[in-house]
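Asks: Encoded as structure tokens, here's the structure I'll be asking about.
No value in this document is a laboratory result; all are computed from the given coordinates. Quantities reported herein were computed from a predicted structural model and do not represent experimental measurements.
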Amino acid sequence: MVKLIRQIYDWVLRWANTPYGTLALFLFSFAEASFFPIPPDVLLIALALGTQRKSIFFALICSLGSVLGGIAGYFIGHYLWLSGESFTAFADFFFNNIPGFSKDLYFMIREQYNIYGFLIIFTSGFTPIPYKIITISAGAFNISFHLFLIASIISRSARFFLISILIYKYGKRIRYFIDKYFNFILMIFTILLVGGYILFQYIILR
């Protein structure tokens, strides 16, 4: 499985050197939100480094594809995931074949939705937590679509625009930093944002 993922990773990167890189970025961003195993950041970084002045444009394409893919994932979960209380054959296929999916994780996410709601969607869209699991489970659990959409737009756009702004400003000098520390920076930024949300929700509004 690791070898297959690496092959897919290299295949995704090769699209950066073709005339179809922007289209590929949109399609991979869309697919990653429901089933594709490689995050679109890989191609986004390659394209932005290749044409630094278009970094912000690439972030917009990536965000649009990811949010639309998230909507598709939501409706997969809402209409195709469950038959009564049981998983459909479609859901079982995902559990058995799509990296990152498991029934244990699915049920754990359900418990987190009951407690945190918006914050689970937001943190998954912005951090390394697999976004596809959240999009599908949100639909399966009948989470408010408007809540899901707002959280997805904010979190996915923030993630991709942060990458592109760093590349636009610092160019190739920032690549090592992104490769080594970006997930850590995302986690810190998420903690600060979530902390601010909690402060606003439970202290200021009381």
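Asks: List the residues whose amide H sits under 5 Å from the amide H of Leu82, counting only those 5 or more places along or on another chain, with H placed 1.01 Å from N in the peptide plane.
Replies: Hits under the 5 Å cutoff: Thr88.
Asks: Moving on to the next point. What pairs in Lys132/Lys172; Lys54/Lys172; Lys132/Lys169 have C-alpha atoms more than 26 Å from each other?
Replies: Lys132/Lys172; Lys132/Lys169
Asks: With Rg and the Kirkwood Rh both taken from Cα atoms, where does Rg over Rh land for region 1-117?
Replies: 1.04
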